[in-house]
Structures are given as structure tokens and as C-alpha cells.
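These notes concern the structure reproduced below.
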Amino acid sequence: MSAARRCCPPRALAGFFVWRLRNTGIPQIPCRFVHLHHVANERLITFQYFNFLKRMYVTQGNKDLSQRAKPKSDSIVSPFHELQLLDQEKKVVHKISPVSPVHQSWSETSSRNELTEVKSAAETEDSVIPVGSESKEDRRWKEMKLRLDDLPGILARLSKIKLTALVVSTTSAGFAMAPVPFEFTCFLLASLGTGLASCAANSINQFFEVPFDSNMNRTKNRPLVRGQISPLLAVCFAASCGIPGIALLTLGVNSLTGALGAFNIFLYTCCYTPLKRMSIANTWVGAVVGAIPPIMGWTAATGSLDAGALLLGGILYSWQFPHFNALSWGLREDYSRGGYCMMSVTHPGLCRRVALHHCFALIGLSTVAPVLDITTWTFPIISLPINLYISYLGFRFYRDADRSSSRKLFFCSLWHLPMLLLVMFTCKKSVLEKEDKGDLRGGSHEMAMEIRLP
């Protein structure tokens, strides 16, 4: 009995299924199955499609709930303009209208939406129009007025005051290394005349390179490029510095120093400046320009061109290659944009090799100084660590050829030169030692002459 009872429910379900098939009709089942298959293929109702239908129903029933697409801002916008737009958006207060009920009529909601759109458009126009007018006024060409308060700073940038200070310091080093007693008046006249000559050369250089400096990020803010000073005033300033400077060196110091100053101005403005757009030989010419100031300091003190002057000029000549090549390596894009023919742009391998070779040359030149009786033998020993360090950085620059190694070499060159000149000055042979040595040589020569006589 228990087994029969357990089998009754399945039999009852089977009987109900047969009765249902008889009532509906077996021939209609295949037709309905085919119809459902076509409907499913045409439109498959998924959860995403159901959400889409719901959103469509809500937005069509009530347009206050619809979102408005905010247009994207231009991709190339200055950060200052973006800050202005953010401030304007903060100032504008948008009023949110309440959601209309479902039973409200379509005409009432549409009319209210139109009114809110007109008000918001009027508010945005009022807030945007002044900014547009300001930007148009800022973009207009304006004549820059020169004020007397700004003139000293403009002239200092026109004369490259930092470069001029470096030139004067190397001239002072050459004067101090000369084997003669120190004369303060001559030292001041030589330093002042060299500084004026350097200001004149730098001003003429900027006058010639205005159209090229405007294409470079490093030089686009120079006074002549920005129009802060007229070209006529720049030329007048160069003349007012160059003529008194050369006259001061010629009349106040000596004619040899004045001739070297005039030659250096000519070499910088008429040879180096045009060569920058023609050949990579401009780097070697520029190194000669930088090597002349210490020679001028030596000639100002002694009045003659000795081996010591050439040694100082050689040290400055070799130092400029790791200094300038490392600097130009990080400015290759700027130099190529400005149209300058630099080693770092056209011959990058040569640029690194030349910098490394002249780093090693500084070690050799430091060794020659005691041989020429300019310093004691302690100078090459004390200067060896700093020379080896800049040589190591030059090797890193030659091997890696990246921006990081070039920056390290450039910043090392900034403190290497004053350290080397300071060590050279401390190891300089005094005038008394040279006089005593000269007296000993003269005395030995007299003794030899006496011995030879019968």
C-alpha cells in the first residue's frame, strides 16, 4: 500500500499533462514554438535592455529629470585660463527646479523648462562675456612703455651680467697669478675695462640674434625679443660700454691689453655669432673667446705675453668644452628650433668625445704649471682629485649620453673652475722666491766666470 501511494502523485501529474495537451491541441505547439524563436531572435529582452526602457520612460514622462551633456573644453588651454573658468563656475549659482508630479500636464512642464533654460542661458552669458572681452584685450598688440625703474634690470639682462661677472673673475685670476707685485689701481682699471668690453660684446650678440632667440625657450624672454628695449637703444648701450672699455684698457693699463680686448669683441660678435648658424667650429672659436680674459689679466699686470699667460688661457680653453657641451646637450631641442649648428645637435658623438678629452687635458695642464715655474709642485697634487672627479663625470657623460649625466657634468664645471683657480693661486710661487732664485743663478754664473779666468 505504501508503494502504491507513493506512485499515485506522478501518475496524477502525467494524467493532468495529457489532459492539457488534448485541450490546447497538439498541432498548434510547433507553430507557437517557431513564433517564440523568431521573437527571441529579433529582440532579446535582457536586464540592460529593461533598464534602458525604464530610463526612456522616465525621461519622456518628465524632462526635468533629463541630464544635459556638458561640452568638453578645448584640449589646449592654458592653466591660467582654466583657473579663471573654475572661478567663474564657482561664482555662478545654478537653481535646481523641483521635480514635477506625475499627474502634472505636459504643457505646464514644458513651459517651465523653457523659462529655466532662458534664465540659465542669460546667467552664463553674463558671466562669460567679460572673460572673453578681457582675453581679446590681452591678445591685442600693445606698445610696451619703458620705465626708468626697469631700465637697470633690462640693461643687466642685455649685457648678460652673470657671464660678464665670470669674465671679470677670470681676468682677476690672471692678474693675481702674474709674477709681479700687486697694484690695486691697475687691477681695478683692468677689471672695469674688461667688464665694459664684455657688456658691449654681449649686447651686440643679442642684437644680431633676435629672430633666432624668439624661437628658443631659453632666450625668448630676452629684452630685445620681448620688445622691452629698442634695437637703437641696445646698440647705443653697446657703444657706450665698448668704446670707454677699450679706451680704459689701452690708456689706463697698456696697449697690449687694449688690443686683446678689441680683438675679443670682434671675435665674439663678428666670428662666433654668425658661425653658430653655419658650422660646429663655433664651439672652438667660442672657447678662444673665453680663454682671452685671463690672458688680458696677465698682460695687464706684466705688460708682456708670457708662457704663464698662455697656460692660464689653455686651462680656460679646455674647461669650456665640458662646461658648454654638457649645457648644450640638455638644450638640443632649443638649439635645433633656433637654427643653431651645435655639436650636440649635429654630431652628438663628437660632442661627448671632445668633452671627455678636454677633461683629461685639465690634468695635463695642471702638471705643466710647476714646470713653467708658475706654481709649486703641490698644485698638481692638490688639484688632482677635482680634476679626476670632473674627468669621471666626463666619462659618465660619454658613456651614458643622457640628460642626467650632462647635468651633473655641467654643475660640476660651475664649481670646478673657481676651485682650480683658487688652488692655483695658493700654490703660486712668490716674487721673492723667484728673485732669490734669479740671484742664485746670477751668482753661480759669476762664480763660474771667475773660475774660468786665469
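Structural remarks
- Residues being over 18 Å from A262 (Cα atoms), in a helix (DSSP H, G or I) and open to solvent by less than 40 Å² (accessible area, probe 1.4 Å) - total across region 175-203: 4
- Only one of G443, G438, G394 that is modelled with pLDDT of 90 or more and either of a type in the set (G, A, S) or open to solvent by less than 40 Å² (accessible area, probe 1.4 Å) (or both): G394
- Taking first residues from region 414-442 that are more than 17 Å from L312 (Cα to Cα) and of a type outside the set (S, T, N, Q) and partners that are at pLDDT 80 or above and surrounded by 12 or more Cβ atoms within 10 Å (Cβ to Cβ), the Cβ contacts under 7 Å between residues at least 6 apart in sequence or on separate chains come to V431/P179; V431/V180; K434/P179.
- Flag for W319 being within 31 Å of the chain's Cα centre (by Cα), at pLDDT 95 or above and within 30 Å of V210 (Cα to Cα): yes
- Filtered residue count, region 322-352, keeping only those that are more than 16 Å from the chain's Cα centre (by Cα) and either within 30 Å of S430 (Cα to Cα) or surrounded by fewer than 18 Cβ atoms within 10 Å (Cβ to Cβ) (or both): 6
- When we screen A259, A291 for residues that are in contact with a helix residue (DSSP H, G or I) (Cβ under 7 Å, 6 or more places away or on another chain) and modelled with pLDDT of 95 or more, the only hit is A291.
The values are calculated or read from the model by the stated rules, or taken from the named source; none is laboratory data. A quick note: this is a predicted structure, and the numbers were derived from the prediction, not measured. FYI the Cβ positions are ideal-geometry reconstructions off the backbone, even for glycines, and counts take in every protein chain you see. Each accessible area value is taken on the protein alone, full model and side chains, heavy atoms only, with ligands, DNA and RNA left out. Shrake-Rupley method; radii C 1.70, N 1.55, O 1.52, S 1.80 Å.
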